[in-house]
Amino acid sequence: MQRLPATLLGGCIFEVLSEISCAPTRALISLRSSLVRHYLLLAGLLVQSVRLCAQAPQRFFFGNLHSHTAYSDGSKDSATTGVNTPREAYFFAQASQHFDFLGISEHNHTQAGMRLPRYAKGLQQADSATVNGEFVALWGMEWGIIAGGGHLLIYGYDNLIGWEAGSYDEFIAQRDYRGLWRKINARPGAFASCAHPDNSDYNNLRTGAFDDAADSALVGSAFRSGPAFSTDIAYSDPSSSSYEAYYRALLTRGYHVGPFYDHDNHNTTFGRTTEGRLVALADTLTKSALLSAFRERHFYASDDWNTEVSLNLTADTLTYIMGSIVQHPPTPTIALTITDGDAEPVRSISLLRGVSGSGQQPVSVATGAAGSSAVQYTDAALAPGDSAYYYAVIIQQDNDRIITAPIWYRRGPSRITGLTSVAAHIVPVTIWPNPVAMGADATIAAPTGATIFVLDPLGRVVWNTVSTEVGSTLVPTQTLSSGLYIVQVVVPGQGVTTRRLVVD
């Protein structure tokens, strides 16, 4: 009989104490987590790299957003492990190596085991299991069915979305992905990612007409998934799946997505089946910082559990990190740096360049030889008015593969001045709904005192204002024609953030 992990015992104690009082529960979490992760945390602090500027250090956090417990169709080995609830799963994951966060994304429908009260309970357990700075527990859902549909991971949404009578907080009909996109876009900070996608999934997202609403709701698509039903807890069962072709196809269609790394755990293996990780770039290890990082596509997928990858684009004196959507006049320079905590050698580096919406596959424009740890490329061929996206593929000597989210850049005119002293892409901004209907208002959540610019496709400022209250700035889209706009939010001395705004 398999011996129960010590973390599982801690989880059982937690379960009992949580029924008595909140105070001892939190004390136990903090004590246990500190003991387990003390060494790893100190080591991690030594290798954190300061990115962008001293005001906004970007750190690397490793984890997974796709897993299941007995709240839907997971915990299939619970008779042996005793792990059933999200709370117990979070405890198990906290002690996994190189693992800073776990997202549990239970199936949203009753056929897979979900019951409406469980969704609210899971959210509460995630909040109570989070220890800021040490471990973050996230809660979401896997929406949809596989047959004639497709599964989506949804986070940043506190209500269960479903179609079965009495089994949802908010209704969206089965297979109504168009309606789902709009519901996600109407919730500030919510986002979706394609889980183990098939070519015809999501109403033929890959081959059908480009969908602005889907582009706004989606932030990622799986690069790898699984092995979903593995029981390995020795990090020795790596995923053999690859959805890279689907990911690349979405990029060629014009979708702004980064690569997810999904474990899809259905047994008590959280963080321990494979060394593969989804890596988020954020300044702090908190729920809000991680969700913001995913919403802004500041992440990459890695077969290796501690490789740190920075992909930056510089235009003039401004620097943007992976996931950014940028418009500036000058020729861009893209720089890639790699640091591995185990000093594993790199076999090859390829920096790829593509044209969003062209239907053409990206091509390699710069490479790094074996043993390289950095690549730099200046896109002198990008003419004024042209657009491109850039991302990196790294292969280590042991064949581990790492893929970054892209940076999308349009070399267009900019009428905005005074940005040269501003650090790049560190201002938190949310726009909703997005897309927005003509004649309606879009609301922008931005820091008080930020200057907000709306630029047309030619880079001309068509509207601007200064934010006077967080979350209340209205863009009067009734004055705008339908189409794509660029929103730039500037806080002098702190940062600039670029967003897309679609007016239907």
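Please report the net charge: other residues with Cβ closer than 15 Å to the Cβ of R353, K and R +1, D and E -1.
Around R353, the surrounding residues sum to +1.
How far is the Cα center of region 150-218 from the Cα center of region 265-327, in Å?
With region 150-218 and region 265-327 each reduced to a Cα centre, they are spaced 22 Å.
Once the whole set of protein chains is in place, how much accessible area is left on E164, using a 1.4 Å probe, in Å² to the nearest 10?
So the heavy atoms of E164 present about 40 Å² to solvent.
Only one of the listed values, (1) 24, 52, 21, 3, 0; (2) 24, 58, 18, 0; (3) 18, 43, 31, 8, 0, was derived from the coordinates as P(r) over Cα pairs in 20 Å bins from 0, in percent; which label is it?
Recomputing P(r) over Cα pairs in 20 Å bins from 0, in percent here gives the entry labelled (2).
Just to verify a number: what accessible area does R224 come out at with the full protein assembly present, 1.4 Å probe, Å² rounded to tens?
30 Å²
Rounded to a whole number, what % of the accessible area of region 185-270 do carbon and sulfur atoms account for, probe 1.4 Å?
46 percent
Tally the DSSP beta bridges in the chain and give the antiparallel ones as a percent, rounded to 5.
Bridges in the chain are about 75 percent antiparallel.
Can you bin region 127-178 into rounded, prolate or oblate? Criterion: square roots of the alpha carbon gyration tensor eigenvalues sorted a ≥ b ≥ c, rounded for a/c under 1.5, prolate for a/b above b/c, oblate for the rest.
The shape class here is prolate.
Mean separation of Cα pairs under 8 Å and 6+ residues apart, divided by the residue count of the chain: what relative contact order is that in percent?
11 percent
How large is the dipole of region 330-409 about the Cα centre if only Lys and Arg carry +1 and Asp and Glu carry -1, each at its Cβ, rounded to the nearest 20 debye?
240 debye
S236 to Q361: extension gain in nm, 0.36 nm per residue of separation minus the Cα-Cα distance?
Between S236 and Q361, full extension yields 41.7 nm more.
How much accessible area per residue does the chain have, in Å², with a 1.4 Å probe?
37 Å²
The values are calculated or read from the model by the stated rules, or taken from the named source; none is laboratory data. Remember, it's a predicted structure, so these values are computed and weren't measured experimentally. Don't worry about glycine lacking a Cβ; one is built from the backbone with ideal geometry, like all the others, and counts go over all protein chains shown. For accessibility, only protein heavy atoms count, side chains too; no ligands or nucleic acids. Shrake-Rupley method; radii C 1.70, N 1.55, O 1.52, S 1.80 Å.
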